[in-house]
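Step one of this worksheet: look at the structure below.
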Amino acid sequence: MAALPSNRVSQGFWIDYTRGPVLGAIITTSSSDANLVIAVLSVLVTFAGSHLWDLIAFIRFWMGVSNQPRIALHHQLQILVRNITSPGAFLLETALVGWSWRHHGALSSLTTVAALAILCSAGFLVAGIFVSQIVSTSGLEVLAHSDSCGWVSWRNETTDRNRDYQETIFNQAVTYVQTCYNRTGPLSQCNIYVKQAVPIQEMTHTGCPFPGICTNNSAVRLDTGLLDSNDVFGINTHLDLRVGMQRVFTCAPIDADRYFTTRPIPPEFSRRNLTTKSCSPLVSTSRKCYYYDEVETLANTEIVYTSSPRAYYVPADDKSLGGWHNSTFDPIPELRREDADTHIIIFQNNALRFFTPNNDPIFAAHTEKQVLFDDNSNITMYIADKPASFLGCAEQMRFCFAQGGCTQLLGAGSAYVQARKIAPTSQQNATLRYLFFQTPNFYEAPRAPMLVTRNAVSFQLGIPPNQWEVEVQAWVKFLVAVTQTTITHIAAGPGIVRPDFDQLTEPLDWPGLCSRQRMGAPGGYSNTNVFALALVVALSGIIILTNLTLVPTLRYLHRRHGLFQQVMVSWAQESILQVQRKAYEGAGYSKWLDRDSAVPKTNNNMPIPGLGNEEFAAHIGGIVLVDCDATRPEGSLPSPGTSHPPLPPPLSSNPHLPLACSAGDPKAVDVLEEAEREDATYESPSRPDMQSSIGSVSASTSVPQVHSLDNQLMATDLKGKASDAIDQQPGLGNIGQEDPELEPPTLAIAPAPQALPPSP
């Protein structure tokens, strides 16, 4: 068996018709190129995965948009869905939110979003596994290609090179059957043909194929089933162009005792003191007569001492192919059949020795014989009851076509002639020709060593009573393996066995076969499934394109036609940058531009503190003194060079400290006393509390209803008007039209004096 070398692998696009024209589209490349494909696909799938999560998040956000007040947890989830761009990070943040809300019985809304994130993450994992399967790197098949493409008729033995080729093929077939048909060999040795082992479909006991002369009138029938030219032999063609071949062997031991005759020993053998011999006309006419005695078999004038069988063959129709078989065997009438080829296998058993007697009809041994071994030990062994036994086999063939039907079960030559008449296409006729002429007949089976003689000196510990059936089954496997081997040599060239064998090839009737042979790939090659590749690229492209165009399209429809207003305003206002802008505006820092765009901007480049800065905290919770007539830019902080004392630390312990603006002359105000006066004046706080408008919504014991960030109520609060809803905390967004005349309150901060004057 010879594996396909690297220089005879066809690279590029092809279709494996075993999988169909769509799923079977394949690109064969080197492994290095395949690794590049895998890397690119991995990046593409990862990129598409992030866009898929963006789409899922947008849809979930859309479903959560509402004009009605909702609990704070809902708005927190909306913020998370809107601004977290990976399912893993979203799951982590959702877990933190769920832990914070675990005692408030409001966790049911977490289930859906968490499930979406889990499903999306699982989808990424499955997609990654699927991408790795797009490129196959082991156990794959490729097309063979060779400049020496052609066929070799193994029946032609006119040259020494041809005989060497045949002998090599038979030896390789024997090794392959022993190694791979029993599946004991490594994959590297058995991954040569598209079908590692061709199983015998059926072995049954049946009647004698030659009535009246079979031992015990019983036989075995071995049926290969219909061997498909594509699936079994790797000739890569569409289903409609395939050829099926079926082989049936019916074999039985022949009772040849009644055909023996006694003749005198020829003078040339008189030196061996042989008196009489038996001659069997079962095998031949008087030109070939076998003489028997206990230890020797004499054929004509040659002494033969062996355990190897001999075979004779005659076709059912001697003239069907113009005598192509070259058979000189003329069987007796009992062995001739019109619907099958007849094979006679002669087992010359005179060299067989057994340690125990056996009752096998071919290898029966009951005669004791003392055998002297090299250590001078004398052991009783058993020799064959007969110096020769006969096995008769009837071989039949049938060919089938997808569109043209099937032939009858006939002798090989007769079935071939009939098949050529019904083959629908010239391509199928060519495939039929190569299948037939690359298939050895059963009489070639004895070229494979018998299982019973594997021992070098033919000493056997014992055999079962049906050993002959085991031998026949092994021979059939050997014949099928020979066809597997020789068929692949058409496209790959016989030079894969030995370079000079390429000189034996003859031109093909159908050159297309040179690019149709599938074989196991050598190392260093990979197959990329085109359908799977196109599917991944197409789905990734659709996901990416949809995500890149969905929001811009909805935004255009919103601005142009006023559609999807609630969703698009919410989507814009609850982005992380817009939430940041609202926090700064709530603290009074500057007028912001592009409030409905993805990136809001200030109308000047003044520095402002970070949201975690002490100055910002003081601005929203400490002592805030206001000079309404200040000439500094709106929202600016005092210059470090001023004579004012620094700002005091934030009074975070008192959440009720207000932001104040005096409309009169600037003066120091005791904020604590101001708060007390306001508390005495109002029975309940009806003024806008800026702390509730900038902080993130946290869990509360009563789980109050909160307006969404795009709610009109929050927009009203941002315009400086008091809210009538006492128990509702408004969000940060705005769905309504903004009043260009209104601006966020501009706060000028004055430093606190060292000592506060008494309250008037």
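Note on the stretch 365-452: with neighbouring protein chains present and a 1.4 Å probe, carbon and sulfur make up 46 percent of its accessible heavy-atom surface. Given 20 °C and 1.002 mPa s, how large is the Stokes-Einstein diffusion coefficient of the stretch 49-166 in µm²/s, with Rh as the Kirkwood radius over Cα pairs? Taking Rh from Cα pairs, D becomes 112 µm²/s.
What order do you get for 115-122, 547-554, 46-53 when each peptide is scored by the mean count of other beta carbon atoms within 10 Å, highest first? Could the numbers behind the result be given before it?
Numbers: 115-122: 15.9, 547-554: 13.9, 46-53: 18.8.
Going by the mean number of other Cβ atoms within 10 Å, highest first, we get 46-53, 115-122, 547-554.
Compared with the direct C-alpha span, the chain from HIS366 to ASP596 gains 72.2 nm at full extension, assuming 0.36 nm per residue.
Carbon-plus-sulfur accessible fraction, the stretch 63-181 (probe radius 1.4 Å, protein heavy atoms only): 58%. Protein heavy-atom accessible surface, 1.4 Å probe, per residue over the stretch 334-437: 38 Å².
When peptides 24-33, 134-143 are sorted by average Cβ neighbour count within 10 Å, with the highest value leading, the order is 134-143, 24-33.
Set the Förster distance to 25 Å, then compute FRET efficiency between GLN503 and LYS195 from the Cβ-Cβ distance, nearest 0.05. Plugging the Cβ-Cβ distance into 1/(1 + (r/R0)^6) gives 0.30. Quickly work out the GLN403-to-LEU548 label distance, labels modelled 7 Å from Cα along the C-beta direction, and quote it in nm with one decimal. Going from the LEU548 label point to the GLN403 one covers 4.6 nm. 3J(HN,Hα) along the stretch 209-215: x, 10, x, x, 10, 8, 5 Hz, from the Karplus curve 6.51 cos²θ - 1.76 cosθ + 1.60 with θ = phi - 60°, whole Hz, x for Gly and Pro. With a Förster radius of 51 Å applied to the C-beta separation of TRP99 and SER30, the computed FRET efficiency comes to 0.45. Ratio of Rg to Rh for the stretch 446-535: 1.17 [Cα atoms; Kirkwood radius as inverse mean 1/r over pairs]. If r is the Cβ-Cβ distance from ASN605 to SER108 and R0 is 51 Å, what FRET efficiency results, to the nearest 0.05? Using R0 = 51 Å, I get an efficiency of 0.65. Rolling a 1.4 Å probe across the protein heavy atoms gives the stretch 1-136 an accessible surface of 50 Å² per residue.
The values are calculated or read from the model by the stated rules, or taken from the named source; none is laboratory data. Small disclaimer: the values here were computed from a predicted structure and weren't measured. Every residue, glycine among them, receives a Cβ derived from its backbone with ideal geometry; neighbour counts consider all protein chains shown. Accessible surface is based on the protein model in full, side chains and every heavy atom, while ligands, DNA and RNA are left aside. Shrake-Rupley method; radii C 1.70, N 1.55, O 1.52, S 1.80 Å.
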